[in-house]
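Below is one structure, written out as structure tokens, with a few remarks after it.
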There are 2 protein chains.
Amino acid sequence: MTRVAIAGFGITKFSKEDVKIESVLMNATRDLFSNTPNLTQKDIDGVLVSSNSNSKYLSAILSEIVGIQPSIAHSVESLCNSGTNSIVSAYSYISSGLADVILVSGAERYDSPGQVLEWDKLRGEFKHPIFWASLFSKSYKRKYRITDEALALVSVKNHKQAVNNPYALSQKEFSIEDVLTSKKLTEDLRLLDCSRPCTGGASILLVSENYCKNFTDSPIWISGLGQKTTSASFTKNLTFDNMESTKIAATKAYEMSNHKSKDIDVIELHDAFSVCEPMALESLGMVDQGKGTEMVKEAYQTGNAKINPRGGLIGSGHPLGATGIAQTIEIVQQLQLEAGKRQVDNPKVGLVHNMSAAATSSTVLVLES
Amino acid sequence: MTRVAIAGFGITKFSKEDVKIESVLMNATRDLFSNTPNLTQKDIDGVLVSSNSNSKYLSAILSEIVGIQPSIAHSVESLCNSGTNSIVSAYSYISSGLADVILVSGAERYDSPGQVLEWDKLRGEFKHPIFWASLFSKSYKRKYRITDEALALVSVKNHKQAVNNPYALSQKEFSIEDVLTSKKLTEDLRLLDCSRPCTGGASILLVSENYCKNFTDSPIWISGLGQKTTSASFTKNLTFDNMESTKIAATKAYEMSNHKSKDIDVIELHDAFSVCEPMALESLGMVDQGKGTEMVKEAYQTGNAKINPRGGLIGSGHPLGATGIAQTIEIVQQLQLEAGKRQVDNPKVGLVHNMSAAATSSTVLVLES
């Protein structure tokens, strides 16, 4: 069974621009080609598109636009973790020997239809993700006696880190006071607690061990992966203060990679809302239950950007289908020591955590140089 | 590398009914469970949904409805060959060792948004598939001096065969005269030359070699597969009288399975329109170029149902995301000698051909008992 490496990537600026989904895919993929000079269209066996767009046949369209005639070509959708679902699918094609080189391209528009959870009748009228996030926040704060200030610090930290990410939607710092006085959306959630939908694309190249030296001198290996879907409707959750699917996915990914949570040097996790960051840190086994905000505070105070160095979803913006791929690209850059102002001190092992719809589904990837 | 078997299936009646997409998926999957008595929800590692529906998170929703908590869960879309794209993806998860048991469920509604090719600006106003089919028909008839009667026989044969398929949309026989006097849609295409969109679902269970004996005594093996996407817009085709993507996909599938076209005993091919059947037979290497209608005529006259025994798309109806899965189920039943009145004489090797959008993309599967 061949190992699978990440051997190239491309990304667009995350914005509120009105760009067609096909153009977003094209722009991220053209950036990938220009970053990977030895790559030609003929090298590519498969093109997977990750998006919540209602547009059809996007993989064939992207392929035609950039001049690829792939064997494997389709779109993948699983709401907010479509991106890492595509990466795992690409991994399986390569690992099985059906392909050697797969291009995964994720894109979304600011007005994506994936943002409103129309299908979950159990939510009644409360179909926007802010409602589950609000329940999570109330539940988490009550159970672990966490203050609004402690959660607001997630947003402060991630906005600050995004300033060093030229592709991030936000380029502005905010204070705890700014977060706590931003527009009140629900009793437990303010505007600056939320990631924002945006237009953005991210493309990544997965390659078998034999082929990767053709494209890069510094391959990053996918050494572990885990996925779990516990339900679709969030009211199936028995508790709102931890992420069951994340725990299961992380356990698998650690086991496959022969690593433990303490080995992780840098992490991109799915901070769709401020409460998600401490909850994810806990469910990933990085810190004890209820202690996530302390870990965030320590990282912030010591200036260590190891948690969401690119600014996470809150700082970077959240173009659904592109998010998991953009998270993975950040970890690749960190492990290649090419993250510029965002560079964490000499990381060897990194982790990506990408989830959907109130953590009903999670993917965890472990990457290493 | 483990071999991959098909160890179970379920299907719904194809109809014009107004049923929600989630219910169609559920009905096909419940049928699969009832046909596969030893299968429990806990056995299933992955759930892939094949559909052109705009509804999101369908794989998680189906999983919750039927009580599965899968690792792998997402939707796959590639227009009309979404179904076989999902099957190949499931194959790769199993073959790579990431999973042992994958449920693939395809569904579509009669009003699927995948039916109009909105994205192909090169088509001008002619975005409905009948326009490419009309060009194909004109081109094919002119090049090989094929009569309207010869193409009409495809529809006659497939409607006749569908009468023996209890799940088919059509249960009525038609004469050549009926086809030639049915509503004229374009200069070269009449209503009965066309497959019809419909509501339908089909689910299939892919299993690794070690696990398949838990679920079936007569596994059907996927011994070959090939896929190719040559373009998205059909005007990239240099000719309209053969299917380039099908030729390439078939060559790969034959090579992988160590079979040649002459070894194929039964075939489900993508007769979206009558002209597609002879063209596909030729591009699959079953008969010389331009001789496809002669092969159809011989099969019809000798009462041999080996080409599209369930009635093909023209007879069965074409619920886009379910079609490739329903085709595969037919070949499984044929190879298990369980096809009832549709049974072809003792077939050992079968083939599935599923394509999208003017044959810009094709999948070919070789199955054997």
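Points worth noting:
- A residue that is touching a residue at least 24 places away in the same chain (Cβ under 8 Å), part of a loop (DSSP other than H, G, I, E, B) and over 22 Å from the mean Cα position of the chain (by Cα) cannot be found anywhere in region B:222-230.
- Hits in region A:278-312 (condition: among the aliphatic types (A, V, I, L, M), in contact (Cβ under 8 Å) with a residue 24 or more places away in the chain and within 20 Å of residue A:249 (Cα to Cα)): A:279, A:280, A:281, A:284, A:286, A:307
- Residue in region B:183-204 that is nearest to residue B:319 (Cα to Cα), counting only those that are buried (at least 17 other Cβ atoms within 10 Å of the Cβ) and of a type in the set (Ser, Thr, Tyr): B:199
- Any hit, region A:20-29, residues being of a type outside the set (Gly, Ala, Ser), in a loop (DSSP other than H, G, I, E, B) and touching a Ser or Thr at 6+ places or on another chain (Cβ under 7 Å): no
- Among the candidates B:1, B:26, residue that is farther than 30 Å from residue A:61 by Cα and buried (at least 20 other Cβ atoms within 10 Å of the Cβ): B:26
- When region A:237-265 is filtered for residues that are more than 17 Å from residue B:68 (Cα to Cα) and within 12 Å of chain B (Cβ to nearest Cβ), the ones remaining, listed by number, are A:251, A:252, A:253, A:256.
- From the list B:72, B:65, B:87, the one residue that fits, being more than 7 Å from every other protein chain (Cβ to nearest Cβ), closer than 24 Å to residue A:248 by Cβ and not charged (D, E, K, R), is B:65.
- Any hit, region A:127-138, residues being more than 20 Å from the chain's Cα centre (by Cα), within 14 Å of chain B (Cβ to nearest Cβ) and either at negative phi or hydroxyl-bearing (Ser, Thr, Tyr) (or both): yes
- Hey, residue A:272 among the aliphatic types (A, V, I, L, M), modelled with pLDDT of 95 or more, surrounded by 17 or more Cβ atoms within 10 Å (Cβ to Cβ) and within 24 Å of residue A:87 (Cβ to Cβ) or not: yes
- Condition check for residue A:103: more than 22 Å from residue B:83 (Cα to Cα), surrounded by 23 or more Cβ atoms within 10 Å (Cβ to Cβ) and within 14 Å of chain B (Cβ to nearest Cβ): no
- Within region A:134-157, the set of residues being more than 12 Å from residue A:296 (Cβ to Cβ) and among the basic types (Lys, Arg) comprises A:138, A:141, A:142, A:143, A:145.
- Matching entry among A:207, A:179 (being more than 14 Å from chain B (Cβ to nearest Cβ), aliphatic (A, V, I, L, M), surrounded by fewer than 24 Cβ atoms within 10 Å (Cβ to Cβ) and touching a residue at least 12 places away in the same chain (Cβ under 8 Å)): A:179
- Within region B:312-345, the set of residues being over 17 Å from residue B:271 (Cβ atoms), polar (S, T, N, Q) and in contact with a Phe, Trp or Tyr (Cβ under 9 Å, 6 or more places away or on another chain) comprises just one member, B:333.
- Region B:34-59: number of residues that are in a loop (DSSP other than H, G, I, E, B), more than 10 Å from every other protein chain (Cβ to nearest Cβ) and crowded, with 16+ Cβ neighbours inside 10 Å: 3
- The set of residues in region B:191-204 being assigned to a strand (DSSP E or B) and either β-branched (Val, Ile, Thr) or without any contact (Cβ under 8 Å) to a residue 24 or more places away in the chain (or both) consists of B:199, B:204.
- Matching residues, region B:214-236, being more than 20 Å from residue B:351 (Cβ to Cβ) and more than 7 Å from chain A (Cβ to nearest Cβ): B:214, B:215, B:216, B:217, B:234, B:235
- From the options A:340, A:311, residue that is buried (at least 24 other Cβ atoms within 10 Å of the Cβ), more than 19 Å from residue A:86 (Cα to Cα) and of a type outside the set (A, V, I, L, M, F, W, C): A:311
- All of B:151, B:169 fail the test of being in a loop (DSSP other than H, G, I, E, B) and out of contact with any Asp or Glu (no Cβ under 6 Å at 6 or more places or on another chain), apart from B:169.
- First in region A:132-150 and more than 12 Å from residue A:294 (Cα to Cα) and at pLDDT 95 or above, second anywhere and among the aromatic types (Phe, Trp, Tyr) and in a helix (DSSP H, G or I), Cβ under 6 Å, 6 or more apart: none
- The listed residue being among the hydrophobic types (A, V, I, L, M, F, W, C), at pLDDT 95 or above and more than 24 Å from residue B:320 (Cβ to Cβ), out of B:90, B:7, B:73, B:28: B:7
The values are calculated or read from the model by the stated rules, or taken from the named source; none is laboratory data. Keep in mind it's a predicted model, so treat the numbers as computed, not measured. Neighbour counts are summed over all protein chains in view; Cβ atoms, including those assigned to glycine, are modelled from backbone coordinates with ideal geometry.
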